[in-house]
1. Just to be sure, is Gly110 touching a strand residue (DSSP E or B) at 6+ places or on another chain (Cβ under 6 Å), at pLDDT below 50, farther than 30 Å from Lys216 by Cα and not in a strand (DSSP E or B)?
2. Any idea how many residues of the stretch 247-263 are buried (at least 18 other Cβ atoms within 10 Å of the Cβ) and either over 30 Å from Lys200 (Cβ atoms) or among the hydrophobic types (A, V, I, L, M, F, W, C) (or both)?
3. Condition test on Asn239, is it open to solvent by 20 Å² or more (accessible area, probe 1.4 Å), farther than 27 Å from Glu162 by Cβ, in a loop (DSSP other than H, G, I, E, B) and not small (Gly, Ala, Ser)?
4. The conditions are (1) polar (S, T, N, Q); (2) closer than 15 Å to Glu140 by Cα; (3) not in a loop (DSSP other than H, G, I, E, B), and Ser261 fails exactly one of them. Which is it?
5. Which of the residues belonging to the stretch 298-314 are of a type outside the set (Gly, Ala, Ser), at pLDDT below 85 and within 10 Å of Pro334 (Cβ to Cβ)?
6. So if I check each of Thr220, Thr208, Thr147, Thr185, which one is among the polar types (S, T, N, Q), under 30 Å from Ile271 (Cβ atoms) and either loosely packed, with under 13 Cβ neighbours inside 10 Å or in contact (Cβ under 8 Å) with a residue 60 or more places away in the chain (or both)?
Amino acid sequence: MDFDVKKNYYDILWVKEDASQEEIKKAFKKAAVKHHPDRGGDKKKFQEMNEAYQVIGDEKKKGQYDAYRKWGFSWFDGQGWFGGWWFGWFGGWQWWADFWDFDIGDLMGGIFGGGFGWWWRKKSTQGGEDIQVAIDISFEESFLGVTKKVAYSRMKKMIGAEEKTCDTCKGHGSVVQQMQTPFGTMQSQTACPTCGGSGKIYTKDGKTLPHGGLEKMKETLEVKIPAAINSGAYIKFANKGNESSSHHVGDFYIQINVANSRLYERKGDNIYTKANVSIFDMVLWWEITVDHPEGKLKIKVPKGTQVGDMIKIANKGFGSGGFLSKKGDLYVIPQVDIPKKLSKDQEKLWSELKSKK
């Protein structure tokens, strides 16, 4: 067995057990983007999601995994034997299980007069759905950090809603139905039609509320975006996503997109910018003014700077600095400004310099 039957792979990927392969694939892609370690996600959680997708994202493995969970894997050896009995005469136990929608305990109870009783397992409750939005910030804001207000809508429990246990399923969230088959009385478990599987009923002013007592509400979050954040990074707000019908709450994710700048380019924690420099500045020595996210900087152009050289200004890049952290650097790329027109005196000077080479 190359899967762990103790893990609920459906809950890990936040999909229903009857989800199609396409739905499972989409759920995994969404989760992979959110939790990938390269984007600051949890490596262990990402590996767990990948494990889940490798199993239920494969039709054959999914069938084996579902069968082990549904039929009681501790009694079934996976080769067709169950407590010394061979089930090959069913014409394929998986087909019969799917067709009749029964658990292995139900089957034993029907054939052997209830000696095994019926086996029932309440499905684990899924949390509410996560919400993801994206906001744009400028290059300067990504360098300095900024506070933004983000407005969005999410599903929450309706104010004033009263909660009570469902009378139909007694809070279990499912009901058991019986049917007569050639093998005896079979029992199947389905979601409660009254509460939709939540085990609760919600009312307000004497009226039963739909959608588990949830309604869409507007919210505004004040988001502090830290300095030196990378484009594509996510900021997570726990329990700020949608509520489920069982009132478990998802998370809220904000993706930060840093706009391109006409002045700067970021590579790692370093900043690259261009500056116009005259030929005299490069040959001799001079001080020029360059742009920087914190404001204008005056820098010295080293004597003898060559075309293609870059001028490095240490600790003016991204980062917090300090004892345990190193800041990046600022690299100024000189753009040689060749005069298009010279006066007679300037031409004379250049001619004299040329003659003395």
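The values are calculated or read from the model by the stated rules, or taken from the named source; none is laboratory data. This structure is a prediction, so every number in the text was calculated from the model and none was measured. All Cβ positions, even for glycine, are placed from backbone atoms using ideal geometry, and neighbour counts span all protein chains on display. Surface accessibility is based on the protein's heavy atoms, side chains included, excluding ligands, DNA and RNA. Shrake-Rupley method; radii C 1.70, N 1.55, O 1.52, S 1.80 Å.
1. Judged against the criteria, Gly110 is a match.
2. 5
3. Taking the combined requirement at face value, the residue does not satisfy it.
4. Here Ser261 meets the rest and fails (3).
5. Selection gives Thr305, Gln306, Val307.
6. Sole residue among the options that is among the polar types (S, T, N, Q), under 30 Å from Ile271 (Cβ atoms) and either loosely packed, with under 13 Cβ neighbours inside 10 Å or in contact (Cβ under 8 Å) with a residue 60 or more places away in the chain (or both): Thr147.
Residues checked against (1) part of a loop (DSSP other than H, G, I, E, B); (2) of a type in the set (A, V, I, L, M):
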site: Lys6; (1), (2): yes, no
site: Val15; (1), (2): yes, yes
site: Glu22; (1), (2): no, no
site: Lys25; (1), (2): no, no
site: Lys29; (1), (2): no, no
site: Gly41; (1), (2): yes, no
site: Lys45; (1), (2): no, no
site: Asn50; (1), (2): no, no
site: Val55; (1), (2): no, yes
